[in-house]
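Structure first, commentary second.
The values are calculated or read from the model by the stated rules, or taken from the named source; none is laboratory data. Keep in mind the model is a prediction, meaning the values are calculated, not measured. Methodologically, a virtual Cβ is constructed for each residue, glycine included, from the backbone with ideal geometry; neighbour enumeration extends over all protein chains shown. Ligands, DNA and RNA are excluded from the accessible area calculation, which covers all protein heavy atoms including side chains. Shrake-Rupley method; radii C 1.70, N 1.55, O 1.52, S 1.80 Å.
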There are 2 protein chains.
Amino acid sequence: MSLILLGSTGSIGSNTLKVAKEFGIPIEVLGAGRNIALLNQQIKAFSPKAVIIQNANDKDQLKSNGARIYIGENGLKEAIFNSDSKILLNAISGGNGLKASIFAQQANKTIALANKESLVSAGWLFDTTKIIPVDSEHFSLWYLLRNQNIEHISSLIITASGGAFRDMPLEDIANKTKKDALKHPNWNMGDKITVDSASMINKLFELLEAHWLFNSKNPHLKLDAIIERSSNVHALIGHTDGSFSAHLSYPDMRLAIAYALDLIKAEQISLIPPLDLKNLFKIKFEEIDYKRYPVWSLKSNLLRNPKLGVILNAANEILTDAFLNNRIPFGHIATEIIESIQAYETKCLAIQNFEDVLNLDLEIKAYIKQKLA
Amino acid sequence: MSLILLGSTGSIGSNTLKVAKEFGIPIEVLGAGRNIALLNQQIKAFSPKAVIIQNANDKDQLKSNGARIYIGENGLKEAIFNSDSKILLNAISGGNGLKASIFAQQANKTIALANKESLVSAGWLFDTTKIIPVDSEHFSLWYLLRNQNIEHISSLIITASGGAFRDMPLEDIANKTKKDALKHPNWNMGDKITVDSASMINKLFELLEAHWLFNSKNPHLKLDAIIERSSNVHALIGHTDGSFSAHLSYPDMRLAIAYALDLIKAEQISLIPPLDLKNLFKIKFEEIDYKRYPVWSLKSNLLRNPKLGVILNAANEILTDAFLNNRIPFGHIATEIIESIQAYETKCLAIQNFEDVLNLDLEIKAYIKQKLA
């Protein structure tokens, strides 16, 4: 077996390479964005047969070490179709990740999916039996649901840290700036996802992903999210009998990655430190309050009409970018997203295929940009 | 299907009748101790074919409603052998419960086991494939282990409330009396088990039960207990991969009873209120400190030599009784148990069969009584 790894220079990409090394899995294809320096190191260490980069201008700096070089979207598609690997780990962040997932599905690859946009924007267009979730919450749901009779499960609950503003006085949140929003209480991540965590949009994304992964074929399952500040409990499943099972571990992406790459090996060794139960912080489950996280008021509508994820994702991308460039205060992200859903709801519910998704995505982004101009 | 219920007038017995009624399971045999008034009500409500009472003197008060009456130990054995039911729920408290389990095994019944003495004193003599545990901790372990590959499980952890003295200054505990020990922080139980909870002996019993139920055939499993004050987390299993699964529910015996009586029905309906995650107390796992619970220093030895449960159980029965009669202070229970283990360890490890167990049990009880005289 071998692996196609897209988004290799990000945090998940780097962790994937660690796991692949530990498991002795060859990397057939490495794909990265514009961090060519790190990509060169990875090429040296893993000797892939092919490399994909985003931008032709970066080709000169690339030390391909004999690997075939592919460039841009066409290169991405070609590289995927030319590869022998049966599994593609998609850790591309943002909208480009959706295209990678589409190509992977067309090429009949199993997708180990860390890219959120794929399912949020186009969940109904994927065969989720060929998708393995690579993030803590969905991995833990999958882990808890293994060998369970889904008929006797009543709810799927994912946890949220609560983000940078979980203890901020409510009246102060709307005016907060980039500097405040990037102070995540539990860990360092990329800027966008840290803001998505502060706004709770990230958890709406994850509920939509959970819908497509688990709920679309089992509509009796109630989906919800709750705040658990320590981030040691990743998910719970509610049993029909009134009890719950919970999955706990230190937050470490290698666990989900290991299971995606090689389930048999992942079960047999401990890549991550075993949880020290006696030294954990207190575990408390708290409701997600829409007064603190205004986008949470969209939850029911999104779960009833999960195609609306296209709007959520497109609007949020532009708004978060504007926020990170200090062009709008924090509160505007939620306000504008809620307005966008209202403006595009009818149109969005009528879309059918990938082309529709991509077109609507562009239209909404243009609409938001124009509003902010 | 029908049921033999022994110990029907206790708390587990009463809850079993509630579940049997809900599930429409006929009661073939009802067995009780000396609470004839309640037994008469149960006979009226459930019309058993046979009734077992402990003492011939109580026969006059019994309103058997046409049921055949059995008396004492011989009656117990005869009733079990004469019954058609394939399942026997043993909720007898104390040493009499061991005999009931022996008879049930001899008669090839499946034992739904709430009696602790059976496995604590004679675990190696039972076919545990025909035992279904009926208490929260072992039920939750069973629940979590269902459909798991035991090779990839590394530890089994049960929880303890910490009992009446969990927050008492250490130096005060040894001199405490009955009145203090019976103030259990979480619920009302019988006097003996409440004291066993304060001393943590109850959790040593449960570790021994867990050993015979799960560990004796899988010695790689590490057994342990931790304090979880809310009693909403009953057990956890540690996976080889470093993560844990936990089972949570409101503490309600009907859940374990329901699964013991009819697994198919138990999975499909919620007999107990679903856990309201957002309104739980904080969950914190705390080490069991042998300075607060001196018997905890016996844990490793007991798990290495689980036959020593005979001594633990026999000595504790007499000592707890003496404590409840205000004849010894609380601290003496632990001191005398630790001494008894030392005195009888060699002899105990050599015993073989049920008769040996019963004889040693009597010998140790006489030894303790003599020491206290």
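Things to note:
- Pairs with Cβ under 6 Å, 6+ apart, first in segment A:191-216 and on the phi < 0 side of the Ramachandran plot, second open to solvent by less than 10 Å² (accessible area, probe 1.4 Å) and of a type in the set (Phe, Trp, Tyr): A:ALA198/A:PHE165
- Remark: pairs (first residue in segment A:344-372, in contact (Cβ under 8 Å) with a residue 12 or more places away in the chain; second residue open to solvent by 60 Å² or more (accessible area, probe 1.4 Å) and among the basic types (Lys, Arg); Cβ separation under 8 Å; 6+ apart in sequence or on different chains) = A:LEU360/A:LYS347; A:LEU372/A:ARG327.
- Just one residue in the set B:SER155, B:SER197, B:SER161, B:SER230 is under 23 Å from A:ALA246 (Cβ atoms) and away from chain A (no Cβ under 14 Å); that residue is B:SER161.
One line per residue, one yes/no per condition, for (1) closer than 28 Å to A:GLU22 by Cβ; (2) hydrophobic (A, V, I, L, M, F, W, C):
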{"site": "A:PHE46", "(1), (2)": "yes, yes"}
{"site": "A:VAL51", "(1), (2)": "yes, yes"}
{"site": "A:ASN57", "(1), (2)": "no, no"}
{"site": "A:ASN65", "(1), (2)": "yes, no"}
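- Pairing residues of segment A:289-300 that are within 14 Å of A:ASP167 (Cα to Cα) with residues that are of a type in the set (D, E, K, R) and open to solvent by less than 70 Å² (accessible area, probe 1.4 Å), at Cβ distances under 8 Å and at least 6 apart in sequence or on separate chains, gives A:ARG292/A:ARG166.
- Of all residues in segment B:279-304, exactly one satisfies the criterion of being outside any loop (DSSP other than H, G, I, E, B), open to solvent by 60 Å² or more (accessible area, probe 1.4 Å) and facing chain A (nearest Cβ under 9 Å), namely B:ASN279.
- Filter pass, B:LEU362 being modelled with pLDDT of 95 or more, open to solvent by 60 Å² or more (accessible area, probe 1.4 Å) and over 21 Å from the mean Cα position of the chain (by Cα): no
- Scanning segment B:236-250 finds no residues that are without any contact (Cβ under 8 Å) to a residue 12 or more places away in the chain, within 7 Å of chain A (Cβ to nearest Cβ) and touching an Asp or Glu at 6+ places or on another chain (Cβ under 6 Å).
- Condition check for A:LEU38 on (1) surrounded by 19 or more Cβ atoms within 10 Å (Cβ to Cβ); (2) closer than 27 Å to A:ASP262 by Cβ; (3) more than 20 Å from the chain's Cα centre (by Cα): one failure, at (1).
- Flag for B:GLN105 being of a type outside the set (Lys, Arg) and not in a helix (DSSP H, G or I): no
- Among the candidates B:ILE264, B:ILE257, B:ILE288, the residue that is within 30 Å of A:GLU286 (Cα to Cα) and β-branched (Val, Ile, Thr) is uniquely B:ILE288.
- Of the numbered criteria (1) outside any helix (DSSP H, G or I); (2) at pLDDT below 95; (3) open to solvent by less than 20 Å² (accessible area, probe 1.4 Å), the one A:LEU275 fails is (2).
- Filtering segment B:19-76 to residues that are basic (Lys, Arg) and closer than 18 Å to B:SER2 by Cα leaves B:LYS21, B:LYS44, B:LYS49, B:ARG68.
- In segment B:108-127, residue nearest to B:VAL310 (Cα to Cα) [restricted to those that are in contact (Cβ under 8 Å) with a residue 60 or more places away in the chain, in a helix (DSSP H, G or I) and open to solvent by less than 20 Å² (accessible area, probe 1.4 Å)]: B:SER121
- Comparison of B:THR9, B:THR16 shows that the only residue that is in a loop (DSSP other than H, G, I, E, B), open to solvent by less than 40 Å² (accessible area, probe 1.4 Å) and under 27 Å from B:ALA256 (Cα atoms) is B:THR9.
- Once segment B:137-148 is narrowed to residues that are within 14 Å of chain A (Cβ to nearest Cβ) and at pLDDT 95 or above, the residue that is nearest to B:LEU207 (Cα to Cα) is B:GLU137.
- Residues of segment B:240-255 classified as open to solvent by less than 10 Å² (accessible area, probe 1.4 Å) and assigned to a strand (DSSP E or B), total: 4
- Counting only residues that are open to solvent by less than 30 Å² (accessible area, probe 1.4 Å) and either touching a Pro at 6+ places or on another chain (Cβ under 8 Å) or under 26 Å from A:TYR293 (Cβ atoms) (or both), segment A:337-356 holds 5 of them.
- Across segment B:70-91, the qualifying residues are those that are assigned to a strand (DSSP E or B) and among the aliphatic types (A, V, I, L, M), and the one among them that is most open to solvent (accessible area, probe 1.4 Å) is B:ILE71.
- Subset of segment B:256-272 [open to solvent by less than 10 Å² (accessible area, probe 1.4 Å) and within 7 Å of chain A (Cβ to nearest Cβ)]: B:ALA266, B:ILE272
- Of the helices (runs of 4 or more DSSP H) lying entirely inside segment B:128-212, the ones with 3 or more residues being open to solvent by less than 40 Å² (accessible area, probe 1.4 Å) and charged (D, E, K, R) are found at B:201-210.
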